[in-house]
Structures are given as structure tokens and as C-alpha cells.
Amino acid sequence: MYTICVGPYERSPLDSGDRPNRKSIRLQHYDYSQPGAYFVTICVAHKACLFGHIVDGDACLNDIGRTVARTWAELPLNYTGVETDAFVVMPNHIHGILLLNLDHHHPTIPSRVGVGTDPYTGNAGMHPVNHPTEPTTIPGLPELIRRFKTLSTKRYRDLLAPNNRPATRAALWQRNYYEHVIRDERSLEQIRDYIIGNPAQWDLDSENPSHHSSHTP
């Protein structure tokens, strides 16, 4: 079993009333193609736990979860000026920070090193962000997420096909996603802490089906 090991959880201010509202919609009149840092949450269709499970505060990913992690990690390889930062795959959703930088020689946030878990080694912490050798057009955030969802869904269906499971039209993601524009370094550090500590808080997570059932009268 592939295990993602994360560091000790440090309570983030996001957990005390400022936790992101997953039902948030896009900001009106905001240009999501401009340089900036974005906190993104994408949930599985019907909130099904397809990616693995949590054991003792660690995320244990199955083949689908590892495929999703690999697809996210490849974004900087496909688009010059796109960088990944903290990232985690939970049983039925993902959290990640994306940096969009039109001048890719000067990062938007002063760090060219990703924070989080390397989907290939399972090691938490700092890891270098790679970039393609040939420049490509940087898509806006909605288009970037659309392309990520499209490719990860295709790979998900390919995983189902050898087992003769219904794969042709199998949905992987919910139609929408949550995003938050990161305005400054303090907010960036808070969100990094939230993402890295998320597996340790799975029992309390609003996306955890067991959490909902345990509160059913």
C-alpha cells in the first residue's frame, strides 16, 4: 500500500471559523488568468471515497489516488509559469495550491520549492518544482482545472477498463470546485498548514461520510 506520510498537524487559523466554504463560487469580475496564488479544492462525484483511506493520520492512496496525485504533479511539466505548492489527496477530495506566473523566471510567491507530499516518493516536505523546456500558453485557473479534471478522469476510466467495470462514462469529479485567491504570505502559510494537516483531521472533516453518519439522529 502506498502511504503518504505527513508531518505533525499544527492547528491552522482556517480551522477556527475561517475554514474554506466549499460552496463558494467564482468572484465576479475577477481575472483568474492573472498571476497569483490560488487554493483549490476539488471533490469526487457524489463524495465517494475513491482515492484510498486514512490510517493514523496518514493518507494511504490506492491506484486511483496515486493517478490523481501524478496528474496534479505534472501540471508544471505541461505549462510554463504554472507551479504547484502544498498538495494532498484525501479519500474523496483534493486540496492544492497553484501558482500562476506569467513571468516564469520570477515566481509569484517567493519560493520555487513546493511544500507538501511528493506523489512519487510519499515524502512530505519540500520538493523542487520542475518546468517544461518549451514554453506554452498559461491557461487561466478555470481552464487549468478543467484540463486537470479531464486528464485525471481519462486515466481513472483507463484504470477501470481492464477490470471490466463500467468505465466509458464514469464520472470522477463534481462539476464545480472551490477556489480561494491567496492575497499574502501569511494566508499562504496558513493554507499550507491546513493542507498538510488535513489527513490528521479526517475524522472531523465535513467531507468524511462517517462524520456525517455519526451525527445522524
> Considering the zone a paramagnetic label at R169 would reach in this model (a point 7 Å from Cα along the Cα-to-Cβ line), which residues of the range 39-65 have amide N under 11 Å from it?
Replying inline: none
>> Through the Karplus equation 6.51 cos²θ - 1.76 cosθ + 1.60, θ set to phi - 60°, convert the phi angles of the range 185-193 into ³J(HN,Hα) values in whole Hz; use x for Gly and Pro.
In response: 5, 4, 5, 4, 5, 4, 6, 4, 4
> Given H placed 1.01 Å from N in the peptide plane, which residues other than close sequence neighbours of M90 have an amide H under 5 Å from its amide H?
Replying inline: H95
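If you take the beta carbon distance between A161 and V181 as r and set R0 to 30 Å, what does 1/(1 + (r/R0)^6) give as a FRET efficiency, to the nearest 0.05? Numbers along the way, then the final one.
On the way: r = 38 Å, r/R0 = 1.27.
That pair, A161 with V181, gives E of 0.20.
FYI, it's all coordinate maths here, none of it is from the lab. The shown structure was predicted, so the numbers you read here are calculated from the model rather than taken from an experiment. Note that each Cβ is placed from the backbone with ideal geometry, even for glycine, and that neighbours are counted across all protein chains shown.
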